[in-house]
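Undergrad: Encoded as structure tokens, here's the structure I'll be asking about.
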Amino acid sequence: PPQERVEFATRLARCYSFVASSVEEWENAKKQYDTVIASFDLIDPKTKRINVEAVNQAPGLLILYIELGYVYFELAKKSNQKFQYERAYDIFGEVLRVTGSGTEGWWLAKYMMLCVLFERGGPSDFENAKVGLESIKYGNPRFDENKYGMETRFLELEEKIKKVGGGK
């Protein structure tokens, strides 16, 4: 059944990413995630957007796509290739487009978008990460209240931002 295929294909992709430490190993993980995502038509080839029907049939695909975004994030850090950050950012933005506010996917994508901004280091990235975090915190003072384990992550990111920004 489709759900089982997603589960097993996801396990293989995760195995590649669990052992990845070098650029080459992260590239291998990316290839596996890309293969799985393509085989389930998660991304519409014409629009380059998430195929919501595919997600409705196999909801696990959305988390898989978030994981692919994380793989791009790691590739960017390991290879120092800024375009990899762009790809990660685009993936997380696309996840936000199709998820409901406050869902697990929404929280993961919001957090990772801020991490991309913080790590990428473009001219306005740090300020955008800081303002984005403040905006989320304004509406959700305790973030997800650790419903999905994100409160701790957001607080750690907030501390990193404070350190870089001189405690402001």
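Since every read-out is calculated from the coordinates, none of them should be taken as a lab result. Because the structure is predicted, anything quoted here is derived from the model rather than measured. No Cβ is skipped: glycine too gets one built from the backbone with ideal geometry, and neighbour counts run over all protein chains shown.
Undergrad: Ordered by residue, what ³J(HN,Hα) values in Hz, to whole numbers, does region 14-24 give under the Karplus form 6.51 cos²θ - 1.76 cosθ + 1.60, where θ = phi - 60° and Gly and Pro are x?
TA: Per residue, the Karplus-derived 3J(HN,Hα) values read 5, 4, 4, 6, 4, 8, 6, 9, 9, 4, 4 Hz.
Undergrad: Could I ask something else about it? Could you give the dipole magnitude of the chain about its Cα centre, charging the beta-carbon of Lys and Arg +1 and that of Asp and Glu -1, in debye to the nearest 20?
TA: Using only the charged Cβ atoms, the result is roughly 360 debye.
Undergrad: Take the Cβ-Cβ distance between Arg142 and Phe83 as r, set R0 to 41 Å, and report the resulting FRET efficiency rounded to the nearest 0.05.
TA: Details: r = 35 Å, r/R0 = 0.86.
Taking R0 as 41 Å, the efficiency between Arg142 and Phe83 is 0.70.
Undergrad: Compute, for region 1-96, the length of the dipole vector about the Cα centre, with Cβ point charges of +1 (Lys, Arg) and -1 (Asp, Glu) only. Units Debye, rounded to 20.
TA: It comes to approximately 180 debye.
Undergrad: Once fully extended, how much extra length lies between Arg97 and Glu159, figured as 0.36 nm per residue of separation less the alpha-carbon to alpha-carbon distance?
TA: Full-extension gain reported as 19.5 nm.
Undergrad: Under a point-charge model restricted to the Cβ atoms of Lys and Arg (+1) and Asp and Glu (-1), what is the dipole moment magnitude of region 100-168 relative to its Cα centre, in debye to the nearest 20? Before the final figure, lay out the partial values.
TA: Details: 11 positive and 11 negative charges, 31 e Å.
The dipole magnitude comes to about 160 debye.
Undergrad: Please state, to two decimals, what the Cα-based radius of gyration of the chain comes to when divided by 2.2 N^0.38 Å (N = residues).
TA: Rounded to two decimals, the normalised Rg is 1.05.
Undergrad: With no solvent and one point per C-alpha, what does the Debye sum give as log10 I(q)/I(0) for region 115-168 at q = 0.31 Å⁻¹?
TA: Log10 of I(q)/I(0), two decimals: -1.26.
Undergrad: I want to check the label-to-label distance for Leu12 and Glu127. Put each point 7 Å from Cα in the C-beta direction and report it in nm to one decimal.
TA: 4.7
Undergrad: Using 0.36 nm per residue of separation minus the Cα-Cα distance, give me the extension gain between Val19 and Val52 in nm, one decimal. Mind showing how you got there, number by number?
TA: Details: separation 33, 0.36 × 33 = 11.88 nm, distance 3.06 nm.
Taking Val19 through Val52 to full extension adds about 8.8 nm, to one decimal.
Undergrad: Past the 30 Å Cα-Cα mark, which pairs from Lys46/Lys160; Lys78/Lys110; Lys82/Lys137; Lys48/Lys77; Lys46/Lys130? Don't skip to the end; give the middle numbers.
TA: On the way: Lys46/Lys160 39 Å; Lys78/Lys110 22 Å; Lys82/Lys137 28 Å; Lys48/Lys77 25 Å; Lys46/Lys130 34 Å.
Check vs 30 Å cut-off fails for Lys46/Lys160; Lys46/Lys130.
Undergrad: Right, something else. Would you please give the residues with an amide H less than 5 Å from that of Ile43, counting only those at least 5 places away or on a separate chain, with H modeled from the backbone geometry?
TA: Under 5 Å from the amide H of Ile43: Asn51.
Undergrad: Once Lys and Arg get +1 and Asp and Glu get -1 on their Cβ, which of Val116, Thr99, Leu75 lies farthest toward the positive end of the dipole of region 1-142?
TA: Going by the charge dipole, the pick is Val116.
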